[in-house]
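Working notes, beginning with the structure itself.
The values are calculated or read from the model by the stated rules, or taken from the named source; none is laboratory data. What you are looking at is a predicted structure, and each value in this text was computed from that prediction instead of being measured. Here Cβ is always computed from backbone atoms with ideal geometry, including for glycine, and neighbour counts include all displayed protein chains.
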Amino acid sequence: MAVITEPRTAASHAAASAASESIDGFQLVVEALKLNGLDTIYGLPGIPITDLTRRAQAEGLRMLAFRHEQSAGYAASIAGFLTGKPGICLTVSAPGFLNGLNALAHATVNCFPMILISGSSEREVVDLQQGDYEEMDQLAIARPLAKAAYRVLHAADIGVGIARAIRAAVSGRPGGVYLDLPAKLFSQSVEAAAGRASLIQVVDAAPKQIPASDAVQRALALLKGAKKPLIILGKGAAYAQADVDIRALVERSGIPYLPMSMAKGLLPDTHEQCAAAARSFVLPAADVVLLVGARLNWLLSHGKGKTWGGAGAKAWGGQRFIQLDISPQEADSNVRIDAPVIGDIGSCVAALLAGMGRAWPKPPAEWLAAVADKKNGNIAKMAETLAHNPVPMNFHSALAVVRDIVAAHPDAVLVNEGANALDFTRSIVDMHRPRKRLDVGTWGIMGVGMGYSVAAAVTTQQQVLAIEGDSAFGFSGMEVETICRYNLPVCIVVMNNNGVYKGTDTDPTGRDPGPTQFVKGARYDKLIGAFGGVGVHATTPAELRAGIEAAFRSRRPTLINAVIDETAGTESGRITSLNPVVKK
Ligand code: FYN
Ligand code: ADP
Ligand code: MG
């Protein structure tokens with residue numbers, strides 16, 4: 001039986017004594033979350049969940065109210081990634097629910113544990129389509145976009161509903177879960193003792209999944225025979241929080257590794273085995289590739305084609321693959337996986353380490369030398385580019401500053417979105433600690449910036465540095481009010497090049513601005529002043545450095561308008577090939 005032992009606040013005392021005989025749905029939801037250690041809600045109040053937000057706050061939960069549900073949802077999704085507990089997003093019905101749904105789908109696609117809880121209208125009216133306030137069959141709409149979706153109709157089932165949502169979100173491959181709570185549920189009363197007894201404290205929500213020993217042996221045999229092995233670390237590896245063992249696997253094997261974007265920092269990017277700067281060399285050259293929590297999706301060119309040394313779009317370079325993943329269905333999704341190892345990353349990596357023993361042979365010296373050669377060449381070229389100080393500032397000269405500041409503050413969390421602002425930051429700014437780089441993920445989604453920043457600041461208490469394209473920032477810019485309201489240590493740098501990709505587009509008819517153009521010389525720094533934050537206008541790397549350093553010192557909400565050459569940047573950054581342009 002669930003026993004509530006937490007000290008009670010004055011408000012909850014009153015609620016508790018009034019409800020010594022009965023307890024309502026609102027209270028049961030709050031207590032069920034609390035009982036499971038879910039202490040933070042990202043949401044937006046309104047009908048029918050306004051009082052739920054108040055009750056949650058009065059009971060000591062952190063209730064972070066946003067300006068738009070999409071940002072609240074992205075915050076919840078990344079809180080799930082950072083903590084391994086489902087991030088909770090709470091919204092009103094139909095429109096609020098739909099605003100949160102984008103983030104729910106994003107969580108599912110990215111394998112982040114999240115629960116979207118939405119109030120909904122009266123079932124009887126909705127199901128007969130009689131036109132209720134915000135009428136919508138939310139459960140049916142959420143289902144295809146979520147890992148699981150549930151509705152609770154009776155207060156006595158709240159405990160089960162929340163327990164199922166938690167298990168679905170974090171067990172196996174994590175994902176987004178929808179929980180539909182109709183308005184009527186909240187005012188239902190049940191006898192207090194029975195109600196509390198119905199709550200479930202979930203035991204072992206994300207059980208370890210131990211890989212089969214024959215799968216481990218198969219993988220080790222393949223790895224041992226490799227002449228040009230490569231390890232690819234994905235965000236699944238970062239999520240698993242098996243940092244020490246992953247580092248041991250990489251170092252004991254001596255194999256060069258490539259971090260996917262959000263796996264950067266799992267080992268420091270400056271590690272001698274890091275092959276990030278030789279990406280286009282190692283992918284086609286490798287003979288055996290060990291994937292650790294990374295999918296062979298578009299971000300890895302589906303394991304085939306030119307990137308992998310294949311002759312045509314369908315061919316690949318003949319690499320053999322080992323894949324460590326929690327999902328048994330992931331293997332063979334794009335090319336043959338010769339040695340799937342299915343289990344949680346922590347258990348898989350531990351099993352490989354145990355099987356390797358202490359005397360594992362290092363990869364052939366020629367391979368290591370070839371990777372080092374390519375990498376050092378690229379790093380030297382990059383150093384040369386970064387040494388320039390053009391006027392106006394470009395992405396490189398601005399990001400050289402960011403790179404130094406991140407190196408000096410390795411625990412700061414870097415949030416990053418945009419096209420060029422994303423791609424340049426990824427390759428220029430080294431990460432030094434695990435789970436410090438949060439970005440657009442599997443979909444290359446825009447709009448995550450401010451939601452991620454709020455959740456990163458709240459869950460880690462660390463300084464957050466958000467490097468935003470000027471377009472990307474616009475998707476969630478109003479949340480600077482949220483950041484100021486909660487006085488969070490977030491420093492936003494808007495890379496302002498007057499437009500999407502760049503600021504030079506024009507309307508050939510001369511009537512309107514070009515479709516990718518924004519107001520020229522916009523002063524994003526002035527936005528934050530409206531809410532008491534610090535605005536900085538930076539036109540040189542020195543001003544940018546001073547602005548970021550002051551923000552880190554003061555931990556005050558800060559927005560820096562970094563003026564970037566409007567001709568800098570390319571269409572879609574590094575993924576230009578995905579953006580069809582008709583050549584005239
Ligand atoms: C990387 N590189 C470096 C370094 N790190 N050079 C020097 N020093 C360092 N430290 C080199 C690397 O070898 C590559 O050069 C190049 O920089 C880029 O590296 P990256 O970013 O790792 O590689 P690439 O090819 O861009 O990666 C493919 C990708 C990535 C698909 C994984 O582009 C990606 O994550 N894209 C997401 C894009 C996205 O979502 N955009 C949002 C929508 S924008 P070469 O080896 O010479 O190739 C809408 O328009
Ligand atoms: P990236 O984009 O960084 O390559 P992906 O999102 O494509 O990463 O891949 C992450 C993979 O990690 C998914 O296939 C997912 O099933 C897997 N994964 C997530 N969490 C775990 C875990 N705890 N243990 C094992 N695999 C995991
Ligand atoms: Mg721009």
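Of the candidates Val429, Val440, the single residue that is in contact with an Asp or Glu (Cβ under 6 Å, 6 or more places away or on another chain), among the aliphatic types (A, V, I, L, M) and within 16 Å of ligand 1 (Cβ to nearest atom) is Val440. If you go through region 506-517 one residue at a time, do you hit one that is at pLDDT 95 or above, acidic (Asp, Glu), touching a strand residue (DSSP E or B) at 6+ places or on another chain (Cβ under 7 Å) and within 16 Å of ligand 3 (Cβ to nearest atom)? The answer is no, given that none of the residues of region 506-517 is at pLDDT 95 or above, acidic (Asp, Glu), touching a strand residue (DSSP E or B) at 6+ places or on another chain (Cβ under 7 Å) and within 16 Å of ligand 3 (Cβ to nearest atom).
Confirm whether Thr482 is of a type in the set (S, T, N, Q), more than 16 Å from ligand 1 (Cβ to nearest atom), touching a Ser or Thr at 6+ places or on another chain (Cβ under 6 Å) and modelled with pLDDT of 95 or more.
Working: of a type in the set (S, T, N, Q): yes; more than 16 Å from ligand 1 (Cβ to nearest atom): yes; touching a Ser or Thr at 6+ places or on another chain (Cβ under 6 Å): no; modelled with pLDDT of 95 or more: yes.
Against the criterion (of a type in the set (S, T, N, Q), more than 16 Å from ligand 1 (Cβ to nearest atom), touching a Ser or Thr at 6+ places or on another chain (Cβ under 6 Å) and modelled with pLDDT of 95 or more), Thr482 does not qualify.
With respect to the stated conditions, Glu366 fails to be in contact (Cβ under 8 Å) with a residue 40 or more places away in the chain and either out of contact with any Pro (no Cβ under 8 Å at 6 or more places or on another chain) or within 13 Å of ligand 1 (Cβ to nearest atom) (or both). Taking helices (runs of 4 or more DSSP H) as the structural unit, those lying wholly within region 433-513 and holding at least 3 residues that are within 18 Å of the chain's Cα centre (by Cα) correspond to 449-460, 470-476.
In summary, helices (runs of 4 or more DSSP H) completely within region 43-136 and bearing 2 or more residues that are farther than 30 Å from Asp411 by Cα and in the same structural domain as Leu33 (by TED's automatic domain parsing) occur at 50-58, 94-110, 123-127. List every residue pair whose Cβ atoms lie under 6 Å apart, where the two residues are 6 or more positions apart in sequence or sit on different chains, the first residue falls within region 562-581 and is touching a residue at least 60 places away in the same chain (Cβ under 8 Å) and assigned to a loop (DSSP other than H, G, I, E, B), and the second residue, located anywhere, is more than 8 Å from ligand 1 (Cβ to nearest atom) and aliphatic (A, V, I, L, M). Listed by first residue and then by second, the contacts come to Ile564/Met393; Ile564/Met495.
Considering only strands (runs of 3 or more DSSP E) fully contained in region 317-422, which possess at least 1 residues that are more than 24 Å from the chain's Cα centre (by Cα), surrounded by 15 or more Cβ atoms within 10 Å (Cβ to Cβ) and on the phi < 0 side of the Ramachandran plot?
The strands (runs of 3 or more DSSP E) meeting that bar are 320-325, 339-342.
Applying the condition of being out of contact with any strand residue (DSSP E or B) (no Cβ under 7 Å at 6 or more places or on another chain) and among the polar types (S, T, N, Q) to region 421-455 and asking which residue is farthest from Val493 (Cα to Cα) yields Thr442. How about region 163-193: which of its residues are within 16 Å of Val152 (Cα to Cα) and either part of a strand (DSSP E or B) or in the same structural domain as Asp325 (by TED's automatic domain parsing) (or both)? Once the filter is applied, which keeps residues that are within 16 Å of Val152 (Cα to Cα) and either part of a strand (DSSP E or B) or in the same structural domain as Asp325 (by TED's automatic domain parsing) (or both), region 163-193 yields Val177, Tyr178, Leu179, Asp180, Leu181, Pro182, Ser189, Val190. Of all the residues that make up region 536-561, how many are in a helix (DSSP H, G or I) and either within 16 Å of ligand 2 (Cβ to nearest atom) or not basic (Lys, Arg) (or both)? Here the count works out to 12.
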